[in-house]
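Data block below; observations after.
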Amino acid sequence: MRKSIILSAFVITALTVNAQTDQMALQGTKLKDNWSIELKTGMVTPLTHSSFFKDARFTFGLGVTKQLTPIFGMEFQGMGYVNTTQSKTAIDVSDVSLLNKFNLMNLFGGYTGTPRLFEMEAVAGIGWMHYYMNGPGDDNSWSTRFGLNFNFNFGESKAWTLGIKPAIVYDMEGDFNAAKSRFNANNAAFELTAGVAYHFKGSNGKHHFTKVRVYDQAEINQLNANINNLRSQVDNRNSQINSAAQRIQVLQSELDNCRNQAAKVQTVVEVETSRVPESIITFRQGRSTVDASQLPNVERVANYMKKHADVTVVIKGYASPEGNLEFNKKLAQARAEAVKSILVKKYKINTSRITAEGQGIGDMFTDPDWNRVSICTIEELEVAK
């Protein structure tokens, strides 16, 4: 027994050292990580010289597992076998074991960072058996256990495991003095249980190990340099944007003044020379939303159409030449549609009287910024006499 304990300790130490060398690629390797608790129930029956089902007894137990690596874990398990004889003891045998568990799927297939739906574990361990006698003189022995766990991990976070657990349990004392054999089938039982385990959440926020990429210091330094460079570019771009915004405000103010003057002249021209009335709505760079400052220009079109029920309007959207051509075509159409939407929704102009057309990049003005507009042109205008 002492040799077995020493051998188990050696194997556990070797696997723990191996797990520590792999920790650089894993998250969730702290002492408090990867603990689980499991409730088990099933049947146990003698391995030989008995009817399999007739002599089967109910068994139940509790297990606590610490998963040291995705491959290796240790479980402290306690099982009780219900008495079916005339004895007054409800439980005639208990078995407390320390088990080593090897995940064969991760051992041969590698760990992917998330538990598989189905996994198989090999189980081996030693334990202490206590026989409850019907009277004085309880008996003690030590046991070994070999088995397989067929596990099904379910739930989106893989926090729950349902396992089917066949195992062979040997009483290592039994009739050793007579048979001179520790692993004697006559002193063994077949155990078949099912268990439900819950895996507690770890320091990585998951119920299992997660994989992370390992960076060396040179990669980290290069990434930091790239980040600092990008931050510098962003700062420069923000400065350019702020300067451009100030310039736009100045131009917008000048444009508004020009429009106000043009509107007064246009009223006279419409009456006296029968020219077609137009209204211009400007937009910010890359935007298709009508600013509040431009709403009076839309309202001017709406009021005219309400006074003259027989006229229609053609709205032509334009974009300045900066940027991608295909994007500017879509932007020009969106600007025309934005003006149309206000006329329909806010001023209740019938949509059949409005035509919205995207004209792509405009070239009406030498300054590119002035070409970000929608121009509303009234058609079939009856000139006042």
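Annotations
- Two-site label geometry, Leu107 and Arg213: point separation in nm, points 7 Å out along Cα→Cβ: 3.2
- Mean Cβ neighbour count within 10 Å, used as a protection proxy, ranking 336-345, 34-43, 323-332 highest first: 336-345, 34-43, 323-332
- Computed over segment 97-196: relative contact order in percent, which uses C-alpha pairs under 8 Å that are six or more apart: 21
- Among beta bridges identified by DSSP and lying wholly in the chain, the antiparallel ones come to about 95 percent.
- Cβ charges +1 (Lys, Arg) and -1 (Asp, Glu), total dipole of segment 218-379, debye: 560
- Within straight-line cross-link reach of Lys201, aspartates and glutamates at Cα separation under 18 Å, skipping those fewer than 8 residues along the same chain: Asp33, Glu38, Glu75, Glu156
- Computed about its Cα centre, the charge dipole of the chain is approximately 400 debye, with only Lys, Arg, Asp and Glu carrying charge at their Cβ.
- Candidates Leu99, Leu223, Leu295, ranked by Gaussian network fluctuation over the chain, Cα under 10 Å, top entry: Leu295
- Exceedance of the 23 Å cut-off in Cα-Cα distance is limited, within the set Lys307/Lys329; Lys54/Lys101; Lys40/Lys211; Lys101/Lys206, to Lys307/Lys329; Lys54/Lys101; Lys40/Lys211.
- In percent, rounded to a whole number, the relative contact order of the chain is 13, using alpha-carbon pairs under 8 Å and six or more apart.
Read-outs throughout are calculated quantities, based only on the coordinates presented, and are distinct from any laboratory measurement. Small disclaimer: the values here were computed from a predicted structure and weren't measured. Cβ atoms come from the backbone with ideal geometry, glycine included; neighbour counts cover every protein chain shown.
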